[in-house]
2 protein chains.
Amino acid sequence: MPDKGAPTPPAGLEETDWRFMAAAIRLSRRHLGRTVTNPSVATLIVRDGHVVGRAVTAVGGRPHAETQALEEAGALALGATAYVTLEPCAHHGRTPPCAEALVTAGVKRVVGAASDPDPRVSGKGYAILRDAGIEVVEGVLADEAADLMKGYLIRSLKRRPEVILKLALSADGKIGVEGEGQVPITADTARRQVHMMRAEADAILVGIGTALADDPALTCRLPGLEARSPARIVLDRRLRLPLGSKLVQSAREVPLLLTAASDAEPARRAALADAGAEFFAVETVDGHIALPELMDDLAARGISSLIVEGGAYTAEAFLAEGLVDRLCLFVGPGEIGPRGIASPVGPDHIPQGFTKLREARFGDDGYFEYARAD
Amino acid sequence: MPDKGAPTPPAGLEETDWRFMAAAIRLSRRHLGRTVTNPSVATLIVRDGHVVGRAVTAVGGRPHAETQALEEAGALALGATAYVTLEPCAHHGRTPPCAEALVTAGVKRVVGAASDPDPRVSGKGYAILRDAGIEVVEGVLADEAADLMKGYLIRSLKRRPEVILKLALSADGKIGVEGEGQVPITADTARRQVHMMRAEADAILVGIGTALADDPALTCRLPGLEARSPARIVLDRRLRLPLGSKLVQSAREVPLLLTAASDAEPARRAALADAGAEFFAVETVDGHIALPELMDDLAARGISSLIVEGGAYTAEAFLAEGLVDRLCLFVGPGEIGPRGIASPVGPDHIPQGFTKLREARFGDDGYFEYARAD
């Protein structure tokens with residue numbers, strides 16, 4: 001998701017707390033999509049107005065941010081304030097929980113943003129801190145922090161990934177032309193934003209219609225971020241994806257998951273498997289893949305955030321099932337005309353229950369982002 | 001795990017129910033290790049003493065057994081008895097829950113074995129059936145059914161995979177000879193049992209010492225079951241696994257996960273990634289990988305059952321952490337002598353809290369299986 005600009009300090013909040021938490025939230029974004037099943041959390045250790053330790057959850061999800069930031073701060077953590085974008089963990093493993101690490105390091109104040117939805121943790125991390133006599137301020141810029149870890153929060157609470165529906169629309173609300181494959185709608189700056197979204201997501205999904213018409217790679221091709229491509233998922237019940245498609249050709253480098261019905265052709269399945277594709281078993285209802293069940297299975301396999309990139313039929317199916325959490329619309333300046341495929345949504349017809357989160361311009365293209373309010 | 005032999009009918013249980021449920025449990029074993037994050041469940045639909053529908057959870061985890069068995073039974077399900085090895089699911093997605101499917105099909109009686117630990121489901125499936133006037137008998141051969149879906153149950157309850165520690169011991173309690181790599185301890189029949197265990201597990205783990213000394217492939221090489229090899233995991237903090245090892249050479253065919261510390265050499269990491277290896281970020285405590293955290297992460301990625309195949313150091317670490325759920329000992333007839341590496345456990349020194357589940361002979365080799373009682 002594009003940067004949201006500088007937040008304004010909410011009323012009643014200390015300027016210093018707001019400023020350091022906003023910085024921590026910006027830092028937490030760094031490893032979005034790279035921390036596997038853990039959220040990308042940031043910690044700042046601040047002493048006398050200076051940052052003496054800073055860290056974000058390591059790539060792969062461990063170690064957590066708090067322990068790394070405390071290690072950097074060393075003895076300077078004594079008497080310092082810690083800014084954490086998520087409540088510190090409280091559950092024991094072989095390593096001490098982060099709440100205990102903060103106590104041991106001697107911080108005197110902890111400012112937290114989002115709360116943990118995990119019932120093993122919720123409230124327990126803050127309780128450990130308070131029991132040790134540490135001053136705790138909860139919920140500072142909580143919404144802003146939660147917005148960046150929506151995938152983790154939704155997967156914990158609903159056992160499915162956060163679903164981000166991304167659509168590129170022409171000025172007259174069309175998403176392409178039937179039978180003509182990919183039609184340029186937005187320009188380079190918007191395209192780079194889309195690739196950044198891909199870098200920050202766990203997986204990206206398209207219907208087989210789009211895969212056949214556009215032959216997309218669905219990878220992140222921003223210079224330096226090529227290794228951050230999300231897993232690609234194609235709704236391909238009958239395994240029609242060609243072996244020569246960009247998706248299959250790159251399956252050895254970037255995971256490719258195909259949702260195949262159990263009666264799909266064994267020979268095609270074997271050929272696709274040889275090329276590196278993996279398969280998700282799906283149930284079908286009236287010939288269509290059961291999306292809620294698929295979301296359940298993706299979450300169980302560790303996928304927390306999923307971008308749906310079309311086409312119109314797939315977008316409509318996700319909307320109809322009430323599975324869309326975030327709607328990202330890129331609107332180009334040109335018109336496609338009457339031959340175009342109408343988008344199921346647009347800035348002037350947003351489904352009920354969604355509220356606008358942000359709006360931006362990328363060159364001549366407009367950007368509109370909405371979140372479901374629940 | 002090897003077959004447990006014919007169970008004897010418990011007192012007070014109808015002979016028919018016991019017989020059909022035992023058959024259902026045998027059938028449920030067919031897709032062990034192949035149903036991803038769902039359990040391998042079986043359903044028999046029985047009418048007038050004849051099986052009119054039978055199914056096991058499909059490969060990949062969907063569709064569930066009940067709907068498939070009902071489809072096979074068709075109109076014959078009306079008034080029939082359904083035997084289900086796990087409480088039927090009650091949560092709604094796009095497809096109706098299995099409990100509702102049984103109601104719709106008109107079965108008059110449902111006999112269940114294990115209960116579902118998932119709080120979304122527990123008791124709710126049976127409640128749907130009873131509310132519809134169906135006679136429900138719960139808990140028939142519950143332990144036997146649960147034993148085969150321990151991975152699913154443990155992952156649901158403890159958020160970690162079932163850990164199965166497998167060791168091959170000489171008659172004098174040794175597991176190998178220092179510096180000599182793999183020493184033959186057991187014969188072919190026992191070896192095939194081990195490969196069957198691999199086919200039924202999601203993942204298999206060894207320490208880097210064993211990987212270097214033995215150069216194992218850790219695949220299932222039973223004829224016809226080659227495609228059922230589990231994911232291989234090596235505790236390899238410093239990425240010492242050679243590129244020419246069998247594990248790395250087969251990484252394109254069977255997943256290979258290496259647990260690398262974040263400070264492991266980037267160049268080696270890149271070379272191993274090119275060969276198809278994947279990485280798990282780990283935390284270390286005093287230079288050792290934090291196993292409880294690793295188990296947590298494996299479960300979050302969908303792994304429900306994990307075989308630990310050694311060596312002595314790794315076995316001891318899992319035992320010391322209290323992470324072993326099942327202990328499978330293969331004991332060969334020969335002695336290794338004083339140069340051998342002593343096994344941390346043996347049939348005559350089983351850790352506290354374990355009880356013997358079964359015992360068998362494979363040719364000249366003995367087999368002893370223990371489960372932790374909790």
The farthest towards the positive end of the charge dipole of the stretch A:132-258, of the residues A:L218, A:G133, A:I154, given +1 on Cβ of Lys and Arg and -1 on Cβ of Asp and Glu, is A:L218
At 1.4 Å probe size, what's the solvent-accessible area of A:C98? Round to the nearest 10 Å². 0
So, R0 is 56 Å and r is the distance between the beta-carbons of A:K158 and B:E180; what FRET efficiency does that work out to, to 0.05? 0.60
Kirkwood Rh and Cα-based Rg: tell me the resulting Rg over Rh for the stretch B:156-273, rounded to two decimals. 0.98
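Mind checking the alpha-carbon convex hull of chain B and giving the volume per residue in Å³?
Numbers: hull volume 55.9 nm³, N = 374.
Dividing the Cα hull volume of chain B by its residue count gives 149 Å³.
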In a shell of Cβ-Cβ distance under 11 Å around B:A312, excluding B:A312 itself, what net charge do Lys and Arg (+1) and Asp and Glu (-1) give? -1
If you place +1 on the Cβ of every Lys and Arg and -1 on the Cβ of every Asp and Glu, how big does the dipole about the Cα centre of the stretch A:161-287 come out, in debye to the nearest 20? 280
Threshold 20 Å², the stretch A:301-316 residues less accessible with all protein chains present than alone (1.4 Å probe): A:R301
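Averaged over its residues, how many other protein chain Cβ atoms are within 10 Å of peptide A:56-64's Cβ atoms? Each step should come with its number before you reach the end.
Values: counts 0, 1, 5, 3, 8, 9, 12, 8, 2.
That average works out to 5.
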All other residues with a Cβ under 9 Å from the Cβ of B:P333 taken together, and with Lys, Arg as +1 and Asp, Glu as -1, what is their net charge? -3
Cross-link reach from B:K356 to aspartates and glutamates, straight Cα distance under 19 Å and at least 8 residues apart if same chain, gives B:D3, B:D143, B:E144, B:D147, B:E162, B:D325, B:D348, B:D365, B:E369, B:D374
Give the nm distances, rounded to one decimal, from A:K108 to the matching residue in every other copy, measuring between label points 7 Å along Cα toward the beta carbon; shortest first. 7.8
Please sort through the DSSP H helices of chain B and keep those with an alpha-carbon extent of at least 30 Å along the long axis and a Kyte-Doolittle average not below -1.0. none
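Among A:K174, A:K124, what's the order by accessible area (1.4 angstrom probe), most exposed first?
Values: A:K174 35, A:K124 100 Å².
So, going from the largest accessible area down, we get A:K124, A:K174.
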To the nearest 500 deg cm²/dmol, what mean residue ellipticity at 222 nm is calculated for the protein assembly as shown from DSSP H runs of n ≥ 4 alone, each contributing -39,500 (n - 2.57), summed and divided by the residues? -8000 deg cm²/dmol
Label points for B:A271 built 7 Å along Cα→Cβ; distances to same position in the other copies, nm, shortest first, come to 3.7
Mind checking which lysines have their Cα closer than 24 Å to the Cα of B:K108? Skip sequence neighbours fewer than 8 apart in that chain. B:K124
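Please work out whether the protein assembly as shown counts as rounded, prolate or oblate from its C-alpha gyration tensor, where a ≥ b ≥ c are the square roots of the eigenvalues and a/c under 1.5 means rounded, while otherwise a/b larger than b/c means prolate and anything else oblate? Don't skip to the end; give the middle numbers.
Values: a/c = 1.64, a/b = 1.22, b/c = 1.34.
Verdict is oblate for the protein assembly as shown.
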Those lysines that a straight Cα-Cα span of less than 16 Å connects to B:K174, excepting residues fewer than 8 apart in one chain: B:K166
Positive dipole terminus of the protein assembly as shown, leading residue within A:P266, B:L306, B:F318 (C-beta point charges): A:P266
Label point distance in nm, A:A320-A:A273, each placed 7 Å from Cα along Cα→Cβ: 3.2
From the phi angles alone, apply the Karplus equation (6.51, -1.76, 1.60; θ = phi - 60°) to the stretch B:34-44 and give each ³J(HN,Hα) in whole Hz, x where the residue is Gly or Pro. 10, 10, 6, 8, 8, x, 8, 10, 10, 9, 10
For B:E321, place a label point 7 Å from Cα along the Cα-to-Cβ direction in every copy; what are the distances to the other copies, in nm, shortest first? 3.5
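Would the stretch A:6-149 count as rounded, prolate or oblate if I go by the C-alpha gyration tensor, calling it rounded below 1.5 in a/c and otherwise prolate when a/b exceeds b/c, oblate otherwise? Display every interim value, and only then the final one.
Numbers: a/c = 1.26, a/b = 1.05, b/c = 1.20.
Because its axes are fairly even, with a/c under 1.5, the stretch A:6-149 counts as rounded.
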Normalised by the residues of chain B, what does the relative contact order come to in percent, with Cα pairs under 8 Å and at least six apart? 16
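Could you tell me the relative contact order of the stretch B:1-143? Use alpha-carbon pairs under 8 Å, at least six residues apart, and round to a whole percent. Walk me through the intermediate numbers first.
On the way: 300 pairs, mean separation 27.8, N = 143.
Dividing the mean separation by the residue count of the stretch B:1-143 yields 19 percent.
What does the charge add up to near B:R54, with Lys and Arg as +1, Asp and Glu as -1, over the other residues with Cβ less than 13 Å from its Cβ?
Values: positive: B:R26, B:R30, B:R47; negative: B:E66, B:E71, B:E72.
Net of charged neighbours comes to 0.
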Between the chain alone and the structure with every protein chain in place, find the residues of the stretch B:233-252 that drop at least 20 Å² of accessible area; heavy atoms, 1.4 Å probe. B:R252
Using the heavy atoms of the protein chains and a 1.4 angstrom probe, tell me the accessible area per residue for the protein assembly as shown in square angstrom. 41
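Hey, what did the stretch A:52-91 get for relative contact order, percent, Cα under 8 Å, at least 6 apart? Please report the intermediate quantities before stating the final value.
Working: 31 pairs, mean separation 14.2, N = 40.
Relative contact order here is 36 percent.
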Roughly how large, in nm² to one decimal, is the mean projection of the convex hull of the alpha-carbon atoms in the stretch B:213-264? 3.8
Going by average Cβ neighbours within 10 Å, how do the peptides A:335-346, B:84-95, A:253-264 rank, with the highest at the top? B:84-95, A:253-264, A:335-346
Rounded to the nearest 100 Å², the accessible area hidden between A and B, summed over both chains at a 1.4 Å probe radius, is 2900
For the stretch B:313-374, shape from the Cα gyration tensor axes a ≥ b ≥ c, cut at a/c of 1.5 then a/b versus b/c, turns out oblate
Heavy-atom accessible area of the protein assembly as shown with neighbours in place, 1.4 angstrom probe: carbon+sulfur share in percent works out to 50
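The values are calculated or read from the model by the stated rules, or taken from the named source; none is laboratory data. Everything numeric in this text was worked out from a predicted model, so none of it was measured. Cβ atoms come from the backbone with ideal geometry, glycine included; neighbour counts cover every protein chain shown. We work out accessible area using only protein heavy atoms, side chains counted, and drop any ligands, DNA or RNA first. Shrake-Rupley method; radii C 1.70, N 1.55, O 1.52, S 1.80 Å.
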